[in-house]
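The values are calculated or read from the model by the stated rules, or taken from the named source; none is laboratory data. As the structure is a prediction and not an experimental result, all values here were calculated from the model. Cβ sites come from the backbone with ideal geometry, for glycine too, and all protein chains shown count toward neighbours.
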Amino acid sequence: MPDIKILTEAELRSLVPLDIDAVECVEQGFNSLAKGNVVMPPIMTLMVPDHNGEVCVKTAYVPGIDSFAIKMSPGFFDNPRLGLPSTSGLMVLFSSQTGMLEALLLDNGYLTDVRTAAAGAVAARHLAREVAARACIIGAGVQAGLQLKALTLVRPITSAVIWARDTAKAKATATNLRAELGIDVTASASAAKAVASAHIVITTTPSNTPLVMADWLQPGQLVIAMGSDQEHKVELQPECLTKATLYVPDSQSQCALKGELRSAVKAGIVPTDRNFAELGDVTAGRAAGRSSDSDIIIADLTGTGVQDTAIANLARQRAEAAGKGSTFNSQTRAN
């Protein structure tokens, strides 16, 4: 049996920071998806309703990449009451040529956090106005901070406002981000005012009821909705999609089942047979993005297996270059 590389969360955090290289890595994944030869099966989801939990399994084979990842990502949203994070998980890398196990990435959800934030940055890079400087983040969890940090990598963000249903948590998150990023970050008690004040709005919650209303949206805004990734979740009022000049899903087939598109179709607002250019089409130059400073654009990000394969390969390549990780095979112990 070939050697298996084992990488811990601490090692992966040092190897794959949320930086412009991570954004480029995820963008290349979207470019590959647009070519049409990526094999990406539907998301497998295990619901654990008794404990407000879910487990998603995502994967994708990308021609030209040596390995493919299978990612298992639990989200148990009552965990903070127990002093535990809401999300965790791991990624497993297999050889694209032989199918042999190559690496275990025991990231505890970290790589998912990075690639999700990087996808938000990819959307902002291609769909936001060049001069976008004010951000609104809906939610106050880990991903809220990462999305804002990623946003500063691709746009000249000078201020941000945080809104969450837990006002105290929003204030604490704003204080921490203000210190970390060195920009003006405040908390708002009004979601409507927070949204209306921003050039870029990012939603980062597991909400099952709309948090952003259509009549709050302003000309020129980009809304990046990345919290709805299951059939029961929704962050945008369905009418937001009709107010948008342009709607851009990361994967239309996924968004039709699990994203904001699903609720808009269910409400009869968007026809079931309407086709949209996906984010990869825009990043690869196959479809137009923003055409006017007054456009209202919605990016619907449900998270794709191609992102997981891309970021996992980046992590493994950097580990090999740095000599990081433990090696294990069936004949020896990890060393």
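Let's see how each residue does on (1) farther than 21 Å from D293 by Cα; (2) more than 21 Å from the chain's Cα centre (by Cα):
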site	(1), (2)
A170	yes, no
G182	yes, yes
S190	yes, yes
A194	no, yes
P210	yes, no
Q230	yes, no
Can you name every residue in segment 46-88 that is among the small types (G, A, S) and in contact (Cβ under 8 Å) with a residue 24 or more places away in the chain?
G53, A60, G64, S67, A69, S73, G75, S86
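Residues checked against (1) assigned by TED's automatic domain parsing to the domain that holds A312; (2) crowded, with 20+ Cβ neighbours inside 10 Å; (3) more than 17 Å from the chain's Cα centre (by Cα):
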residue	(1), (2), (3)
L12	yes, yes, yes
P49	yes, no, yes
C56	yes, yes, no
Y61	yes, no, yes
S67	yes, yes, yes
Of the listed residues (G323, G303), the one being free of Cβ contacts under 8 Å to residues at least 60 places away in the same chain and either touching a helix residue (DSSP H, G or I) at 6+ places or on another chain (Cβ under 9 Å) or outside the structural domain of Q218 (by TED's automatic domain parsing) (or both) is G323
Pick from segment 255-278, criterion within 19 Å of the chain's Cα centre (by Cα) and farther than 21 Å from T205 by Cα, ranking: surrounded by the most Cβ atoms within 10 Å (Cβ to Cβ):
E278
Looking at L257, is it within 12 Å of S228 (Cα to Cα), aliphatic (A, V, I, L, M) and without any contact (Cβ under 8 Å) to a residue 40 or more places away in the chain?
no
Per the filter on segment 298-322, residues in contact with a Phe, Trp or Tyr (Cβ under 6 Å, 6 or more places away or on another chain) and more than 25 Å from L241 (Cα to Cα) are T309
Residues being of a type in the set (S, T, Y), part of a helix (DSSP H, G or I) and surrounded by 15 or more Cβ atoms within 10 Å (Cβ to Cβ): count how many of those fall in segment 170-197.
1
Within segment 93-133, residues under 19 Å from G75 (Cβ atoms) and assigned to a strand (DSSP E or B) come out as L105, L106
Applying the selection to segment 141-166, what residues are of a type in the set (V, I, T) and more than 18 Å from F77 (Cβ to Cβ)?
T152, V154, I157, T158, V161, I162
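Here is a yes/no grid of residues against (1) closer than 28 Å to R262 by Cβ; (2) touching a Lys or Arg at 6+ places or on another chain (Cβ under 9 Å); (3) among the β-branched types (V, I, T):
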position: K149; (1), (2), (3): no, no, no
position: I157; (1), (2), (3): no, yes, yes
position: A168; (1), (2), (3): no, no, no
position: K171; (1), (2), (3): no, no, no
position: D184; (1), (2), (3): no, yes, no
position: V212; (1), (2), (3): yes, no, yes
position: D215; (1), (2), (3): yes, yes, no
position: G220; (1), (2), (3): yes, yes, no
position: Q230; (1), (2), (3): yes, yes, no
Qualifying residues in segment 267-297 (those that are part of a loop (DSSP other than H, G, I, E, B) and among the polar types (S, T, N, Q)) - the one nearest to Y247 (Cα to Cα)
N275
Does segment 112-127 contain at least one residue that is of a type in the set (S, T, Y) and under 24 Å from R316 (Cβ atoms)?
yes
